[in-house]
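Take a look at the structure below.
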Protein chains: 2
Amino acid sequence: MIEKAAHGALVETDNLQALLSGFERGDKGSLARLITLVENRAPGINHALEKIYSLTGRARVLGITGATGAGKSTLVNRLIAGYRAANRTVAVLAVDPSSPFSGGAVLGDRIRMTEHYRDPGVYIRSLSSRGSHGGVSRAARDIVKLLDGFGFDVVIVETVGVGQTELSVMDLAQTTVVVTVPEGGDSVQVLKAGLNEIADIFVVNKADREGAHRLKAELELGAGLGPSDGWQPPVILTKGLTGEGIDELMSALGQHAAYLKAHRDESRDGDRLQHEFTEIVTEEVGERLSRFLAQGEGSKIAAEVRCGKLNPYRAARELIEDRAMMARMLSAADRF
Amino acid sequence: MIEKAAHGALVETDNLQALLSGFERGDKGSLARLITLVENRAPGINHALEKIYSLTGRARVLGITGATGAGKSTLVNRLIAGYRAANRTVAVLAVDPSSPFSGGAVLGDRIRMTEHYRDPGVYIRSLSSRGSHGGVSRAARDIVKLLDGFGFDVVIVETVGVGQTELSVMDLAQTTVVVTVPEGGDSVQVLKAGLNEIADIFVVNKADREGAHRLKAELELGAGLGPSDGWQPPVILTKGLTGEGIDELMSALGQHAAYLKAHRDESRDGDRLQHEFTEIVTEEVGERLSRFLAQGEGSKIAAEVRCGKLNPYRAARELIEDRAMMARMLSAADRF
C-alpha cells in the first residue's frame with residue numbers, strides 16, 4: 001500500500017496528461033513511461049487506459065510460447081524481419097513470469113533482438129513479474145492495449161516457459177504459435193502442459209535435428225483429434241538460424257487471420273470481453289480497498305486484520321454487506 | 001457464470017450444514033466434499049470457510065517445491081513416515097498448476113504415496129487447475145484452511161514444477177523446502193526461478209550422484225549472501241529412495257519452527273493477513289458481479305460488454321462510481 005502511495009507521486013495529473021499527449025503524437029518515450037506506470041500499477045493508470053482504449057483493437061496480436069530453449073526469440077526475430085519487409089510496424093512484449101524476484105528484464109532476448117533495435121518501426125519490451133504474484137497477466141493485458149493503441153500493426157507476445165501464467169498471457173493473442181523442438185518426449189510435454197489446446201499453429205524448430213519429422217507427425221495426430229469442422233492447426237518445420245520455414249509460418253499466420261475473420265466466434269469473444277470487464281472491476285475495487293485500508297476508518301479495520309484476530313471471510317462479508325461503508329471504501333479513488 | 005449456477009445446485013443450505021457438521025465430527029467424506037466445493041468455487045463455499053475459520057491456525061504448514069524429477073514425492077513419503085512415527089497426523093496437498101486443461105489429478109504422486117493411503121492419520125489430495133486461470137493459488141489457500149481446520153497436525157503442500165503459481169502457493173507455508181538434484185546447472189536454475197528467495201531449507205536429493213557436494217556448496221554460498229542476522233537456510237543431503245538424510249531434514253524443520261516462534265515477524269504476518277483479506281473481498285465482489293451480470297439489469301450491461309462496444313475501463317469506473325447500482329450489484333449474494 002505504502003509502495004503504491006510512493007508511486008503515486010510519479011503520476012501527477014499534468015504529467016499523465018502530458019504522457020497521453022505524447023503517446024497520441026507517437027512519442028515512444030511517453031509509451032515507455034506509460035508501460036512502466038502499468039508495471040508499477042501507478043494510481044491513475046486505469047484513467048490512462050480508459051483514455052487510450054478507443055485507439056485499440058486494430059493490431060494483429062500474436063502469441064509465441066513454448067519451452068525454454070526452443071528458439072522462440074530467434075523465430076520472433078525472423079517474424080519481425082518478415083513483417084518489416086511487408087512494411088508493417090512490430091512491437092514485441094517478452095514476458096518472463098518465472099523470474100519474480102530478480103526484477104531484471106529478459107536481457108538475453110533483448111540483446112538477441114538488437115538487429116532490429118534501431119529500427120523505428122520496431123519496439124521491444126520485456127516484462128518480468130517483480131514479486132507481484134498474479135500481476136503479470138494483468139500487466140501484459142494492459143501493455144498489449146498500450147502497444148495496440150500506439151499504432152503498431154503487429155504485437156507479438158513472447159513467453160519464456162510454459163507455466164499457467166504463460167498460458168493465461170496467451171489468452172491475449174488472436175493467434176497462438178506453440179514452438180517445439182525435436183527432443184526426447186517433446187510432444188508429451190506439449191500435451192502435458194495443455195499447449196495442444198491453445199495452439200493455432202505448431203512450429204517444430206531446429207528441424208534439421210533428428211526426430212523432427214516424427215514430432216511433426218505426432219503433433220499432427222494430436223491436432224487431428226480436435227473437432228474436425230474447425231481450424232486445423234498446421235505443423236510447420238523451421239530452422240530459426242537460417243530462416244527456413246519462416247515464409248510458411250508467415251503464410252500460416254495470414255491464413256489463420258483470414259479464418260478468424262471468416263469465422264468470428266462471437267460467444268468466445270463475448271466471454272473474453274466479459275472476463276476482462278470483471279477483472280478490471282475487481283482490480284479497481286481491490287485498489288480502492290487498499291487505499292481505504294491505508295487511512296482513517298479503514299486503517300482501524302486493517303489493524304484488526306493484521307493482528308490476526310479477525311476472521312477474514314466474515315470481515316469480508318460484513319464489509320461487502322455494509323452499504324454505507326462500501327460506499328466510503330469505493331469512493332477512495334485515486335486523485336486524477 | 002452458467003457453470004457456477006449449475007454448481008449452485010450442489011450446495012443446498014441443508015446439504016452444506018450437514019457437510020459442516022460432518023467436518024466438525026472428523027468425517028473425511030465431508031472434508032473431501034468441501035474440498036471439491038472449493039475447487040468448483042461453489043456458491044456458499046465462503047460461508048463454509050467463514051464457519052470453519054476459528055478451527056484453523058493450529059497446523060504446521062510445510063511447502064515442498066522444486067523442479068520436476070527432483071524426487072519431491074519420495075521425500076514427502078518419507079516425511080509422512082517421519083511424522084507418523086512421532087504420532088502426528090499429516091495431510092498432503094499436491095498442486096499441479098501446469099496441467100490446466102487435463103482436469104486430471106497428479107495421479108503418479110498419489111500412487112507413489114499409497115504406502116500411507118490406508119493410514120487413517122494421513123490424507124492425500126491433488127489439485128490441478130482445470131482451466132480457471134489464477135484460480136489455483138486461491139483454491140490451495142482455502143484447501144489448506146480446510147485441512148488445518150479439520151485438525152491435521154502437519155499440512156504439506158507439494159508443488160510440481162517451479163512457475164509463478166507454484167511460488168505463490170509457497171506463500172501459504174510457514175516453512176518452505178526447496179528440493180534440488182545434482183544435475184547440470186541446477187543451482188543456476190534455483191537462482192533463476194527465484195527459489196533461493198523463498199527457501200527456508202534446501203535439500204540436495206539423490207545425493208549419491210556426482211556433483212551433490214558441489215551443489216551443496218553453491219547453495220550454501222548463495223544462502224550466505226542473504227542478511228547475516230536472520231535464519232540461515234541449511235542445505236541437507238538426502239537420498240529419498242533409502243531415507244538417508246530424512247532425520248536431518250526433520251530436525252531442520254523442527255529448528256525452523258522454533259526459530260519462527262522465537263522471531264515472529266509481525267509486519268510480515270500482518271502483510272500476509274491483509275493481502276489475504278483483500279483477496280477474499282475482491283474475489284467475493286467478483287462473484288457477486290458475475291451473478292449480477294447474469295440476470296436482469298446486469299445482463300443488459302453484460303450484453304453491451306460482450307459485443308465489444310463498451311470501453312471496459314470506463315464501464316468499470318462508472319459501475320463502481322454509481323453507488324446505487326453497486327449496492328444492487330453487491331446484494332447479488334448467493335443463497336445460503
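Read-outs throughout are calculated quantities, based only on the coordinates presented, and are distinct from any laboratory measurement. Keep in mind the model is a prediction, meaning the values are calculated, not measured. Glycine gets a Cβ as well: all are built from the backbone with ideal geometry, and neighbour counts include every protein chain shown.
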Check: Mind checking which lysines have their C-alpha under 16 Å from residue B:51, skipping anything on the same chain fewer than 8 residues away?
Finding: A:309, B:145
Check: Taking a ≥ b ≥ c as the square roots of the eigenvalues of the Cα gyration tensor of the stretch B:193-336, is the shape rounded (a/c under 1.5), prolate (a/b larger than b/c) or oblate?
Finding: prolate
Margin query: Using a label point 7 Å beyond Cα on the Cα-Cβ vector, give me the inter-copy distances for residue A:232 in nanometres, one decimal, shortest first.
Written below: 6.4
Next item on the list: Give a residue-ordered list of calculated ³J(HN,Hα) values for the stretch B:279-296 (Karplus: 6.51 cos²θ - 1.76 cosθ + 1.60, θ = phi - 60°; whole Hz; x for Gly, Pro).
Entry: 4, 5, 4, 5, 4, 5, 4, x, 6, 5, 4, 4, 5, 4, 6, 7, 7, x
Notebook entry, point to check: Say each of residue A:84 and residue A:264 gets a label point 7 Å from the Cα, pointing the same way as Cα to Cβ; how far apart are those two points in nm?
Noted result: 3.3 nm
Margin query: I need the inter-copy label distances for residue A:88: point set 7 Å along Cα to C-beta, values in nm with one decimal, smallest first.
Written below: 5.9
Margin query: Out of the trypsin sites (Lys or Arg not before Pro) in the stretch B:239-328, which ones are loop residues according to DSSP with at most 14 other C-beta atoms within 10 Å?
Written below: B:264, B:309
Margin query: Shape verdict for the stretch A:35-101, please, from the Cα gyration tensor: rounded (a/c under 1.5), prolate (a/b greater than b/c) or oblate.
Written below: oblate
Check: Amide H to amide H under 5 Å from residue A:123: which residues, 5+ apart in sequence or cross-chain, H placed 1.01 Å off N in plane?
Finding: A:90, A:91, A:92
Note to self: List, shortest first and in nm to one decimal, how far the label point of residue A:269 (7 Å from Cα along Cα→Cβ) is from its counterparts in the other copies.
What the structure shows: 5.3
Notebook entry, point to check: Once phi is turned into ³J(HN,Hα) by the Karplus curve 6.51 cos²θ - 1.76 cosθ + 1.60 with θ = phi - 60°, what whole-Hz value does each residue of the stretch A:69-80 show in order, with x for glycine and proline?
Noted result: x, 7, x, 4, 5, 4, 5, 4, 4, 5, 5, 4
Check: Taking H as built 1.01 Å from N, whose amide H comes closer than 5 Å to the amide H of residue B:64, not counting residues under 5 places away?
Finding: B:157, B:158, B:159, B:177
